[in-house]
Amino acid sequence: MRSLQQRLRRLYKGVRILAALPANILHMLVNHFPGPIGPILRYWVWKPQLKFLGKGVRIEEGVYFQNPQSISIDDNAWIDRGVIIMGGPDRSKRQRRLLPNADFPLEKGQVYIGKRVHIAPQSIISGIGGVYISDDCGLSSGFKAYSFSHHFRSDDDPSDRSVQFNPLIDHSKQYMIEGAIFLGANVGVALNVVVLPGVSIGKDSFVTMSSVVTSSFKENSLLSGTPARRVKNRYRDPE
């Protein structure tokens, strides 16, 4: 009897896979469709799947959305080639350090991309802890925002050698850092910048190339370095 039940489960799983195959093939073709028609097709494929997709949004080839129902993209944003955006909260029981962010206005796991935001090619936004990118931000190629990441050891017991930096092992041996990320309006980010959990960057700020932002900064800041430091005002005060 048990053998028959196992066979039926495998058969049911196989039927589901086959039934989904045409839709998956169509989605793959649309996701990589070149030319001026491609963004139009992708817009209408992703619109019912995303939490919100505004007017005039351009989605280029090879863009990947994880848990699209947790991702909102506002009017006239441009998601460039090969961008990965991950949403949805982590519901596992892994131990973690929680970093509060009073600037983040949404629920954990929600990702919001504001109006006229450009996310350049090969960028990664991990919104598992939440990411909010305000209007008019420009994020250069290789930008990475991680609101949820592994930590190299346990805060509770730093001497515990069983903790591993590996998502494939048992959850009891993992220790995470989680904190929402907030970028204010008109924040500019140069090539290969990394923003870590719990960080806020105030409006009208700029982050120089290859910087790693580990703490929060007020508006009108020019940030540089690893870890990033505030160098000076981005804009000069009027004389």
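The values are calculated or read from the model by the stated rules, or taken from the named source; none is laboratory data. In this text, all values refer to a predicted model and were calculated from it rather than measured experimentally. A quick note on method: Cβ atoms are made from the backbone with ideal geometry, for glycine too, and the neighbour counts reach across all protein chains shown.
Some values worked out for this structure:
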item	result
Tally, over region 27-42, of residues that are within 15 Å of Gly56 (Cβ to Cβ) and outside any helix (DSSP H, G or I)	1
Failed item, numbered, when Met209 is tested on (1) surrounded by fewer than 19 Cβ atoms within 10 Å (Cβ to Cβ); (2) in contact with a Pro (Cβ under 8 Å, 6 or more places away or on another chain)	(2)
Qualifying residue in region 82-96 (condition: under 26 Å from Ser149 (Cα atoms), over 17 Å from the mean Cα position of the chain (by Cα) and either of a type in the set (A, V, I, L, M) or not in a loop (DSSP other than H, G, I, E, B) (or both))	yes
Where Ala23 falls short, out of the listed (1) modelled with pLDDT under 90; (2) part of a loop (DSSP other than H, G, I, E, B)	(2)
Unmet criterion (only one of (1) closer than 20 Å to His118 by Cβ; (2) surrounded by fewer than 20 Cβ atoms within 10 Å (Cβ to Cβ); (3) among the β-branched types (Val, Ile, Thr)) for Ile181	(2)
Residue in region 221-233 that is surrounded by fewer than 18 Cβ atoms within 10 Å (Cβ to Cβ) and in contact (Cβ under 8 Å) with a residue 40 or more places away in the chain present	no
Number of positions in region 115-145 that are of a type in the set (Gly, Ala, Ser), surrounded by fewer than 20 Cβ atoms within 10 Å (Cβ to Cβ) and not in a loop (DSSP other than H, G, I, E, B)	1
Residue within region 193-207 that is basic (Lys, Arg), assigned to a loop (DSSP other than H, G, I, E, B) and modelled with pLDDT of 95 or more present	yes
